[in-house]
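> One structure follows; several queries about it will come next.
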Amino acid sequence: MIPTPRNGAHTQMLWLVLLGLPRLCPSATSFLGASMEGKMDRISGGYDAATAHCTSPGEAYRIQAGQLRLYHHDHLVKVKLVVPHPKFTRSWSAEAGADIALMKLQVPLRLSASINVVSLPNAGLRVKPRTLCWVTGWGFTKDGPLDHPYRLQEAAVPVVDKVVCEWHYQDLFPNVTETLIKKDMVCAGNKDQDACQGDSGGPLVCYLTGNWVQVGIVSWGNICGQLSVPGVYTKVASYVSWIHQFL
């Protein structure tokens, strides 16, 4: 799923949205990438589904499109340019916010039955707590790393109120005086369904008013699948204006 507006079945896709500059990433490329502090990167309690990726300065990347299984009949597209958000701070990584980047492909992708898009949110989008959304990735499951044939996993995760999420993280880090859940972040997940190691940059999508919308991107967290500690995602709505500068 690629977070740009859909303009017909044969639209060519050139830009991808992803999270920026990781510490721990999946071993294979696909649509969406991420940054993590080595804490949260997997699907816990997930099952077979339909995409994720990571970036680092100076690295060369290729995109695997239209596949649910890693390394399966790979048709890789080279990435021409990676654009991290200018406010992303490498020394603080994901927890400081602005954990998002764009990838420009060397050649466009053409939409098909196996390659399609999700919509970008409106800049003012607010998703109600307990709304059930979906996160996907090729990271760990509750049983550990994925085994062959490495099928993409998905999990239904409830959105968690930002104030409640902040309380839980402040309980974990009582010596931290600053706000942990920034304005450009959204929380989702519970003890049964979560993202974790290997899912960096995976999309958080919600079905809203008859349309699939990319609400977030896997960013950071503490321990996967804990009832009181949801995962933290980059809030895509906070960066819609920036994204549109490149589309």
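> When you scan the stretch 209-240, how many residues do you find that are open to solvent by 30 Å² or more (accessible area, probe 1.4 Å), modelled with pLDDT under 95 and out of contact with any strand residue (DSSP E or B) (no Cβ under 7 Å at 6 or more places or on another chain)?
5
> Then there is this: Condition first: surrounded by 24 or more Cβ atoms within 10 Å (Cβ to Cβ) and within 13 Å of Leu125 (Cα to Cα). Now tell me which residues in the stretch 182-204 satisfy that.
Passing the criteria: only Val186.
> Now for a different question. The conditions are (1) closer than 23 Å to Asp147 by Cβ; (2) at pLDDT 75 or above; (3) touching a strand residue (DSSP E or B) at 6+ places or on another chain (Cβ under 7 Å), and Gly66 fails exactly one of them. Which is it?
The one condition Gly66 does not meet is (3).
> Just give me the residues in the stretch 195-222 being part of a strand (DSSP E or B), under 14 Å from Val118 (Cβ atoms) and within 13 Å of the chain's Cα centre (by Cα), in sequence order.
Taking the stretch 195-222 first, the residues part of a strand (DSSP E or B) are 203-208, 211-220.
From the residues that got through so far, the ones that are under 14 Å from Val118 (Cβ atoms) too are 203-208, 211-217.
Listed by number, the residues that qualify are Pro203, Leu204, Val205, Cys206, Val213, Gln214, Val215, Gly216, Ile217.
> Right, something else. Could you tell me whether any residue of the stretch 71-82 is under 23 Å from Trp242 (Cα atoms) and crowded, with 16+ Cβ neighbours inside 10 Å?
Yes, because at least one residue in the stretch 71-82 is under 23 Å from Trp242 (Cα atoms) and crowded, with 16+ Cβ neighbours inside 10 Å.
> One residue is enough: does the stretch 159-169 have a residue meeting the conditions in contact with a strand residue (DSSP E or B) (Cβ under 7 Å, 6 or more places away or on another chain), in a loop (DSSP other than H, G, I, E, B) and not hydroxyl-bearing (Ser, Thr, Tyr)?
No, the stretch 159-169 has no match at all.
> Let me ask you something else. Only one residue in Leu120, Leu152, Leu125, Leu132 is crowded, with 20+ Cβ neighbours inside 10 Å and under 18 Å from Asn211 (Cβ atoms). Which one?
Leu120
> Go through the residues of the stretch 95-109 one by one and say whether even a single one is modelled with pLDDT of 65 or more, open to solvent by 20 Å² or more (accessible area, probe 1.4 Å) and under 21 Å from Pro230 (Cα atoms). Before the answer, list the steps.
Filtering the stretch 95-109 down to residues modelled with pLDDT of 65 or more leaves 95-109.
Checking the rest, the ones that are also open to solvent by 20 Å² or more (accessible area, probe 1.4 Å) come to 95-96, 104, 106-108.
Now narrow it down to the ones that are under 21 Å from Pro230 (Cα atoms): 95-96.
Checked the stretch 95-109: at least one residue is modelled with pLDDT of 65 or more, open to solvent by 20 Å² or more (accessible area, probe 1.4 Å) and under 21 Å from Pro230 (Cα atoms).
The values are calculated or read from the model by the stated rules, or taken from the named source; none is laboratory data. Note that the structure is a prediction, hence the values are computed from the model and not measured. All Cβ positions, glycine included, derive from the backbone under ideal geometry; neighbour counts span all protein chains shown. These area figures cover heavy atoms from the full protein model, side chains too; ligands, DNA and RNA do not enter into them. Shrake-Rupley method; radii C 1.70, N 1.55, O 1.52, S 1.80 Å.
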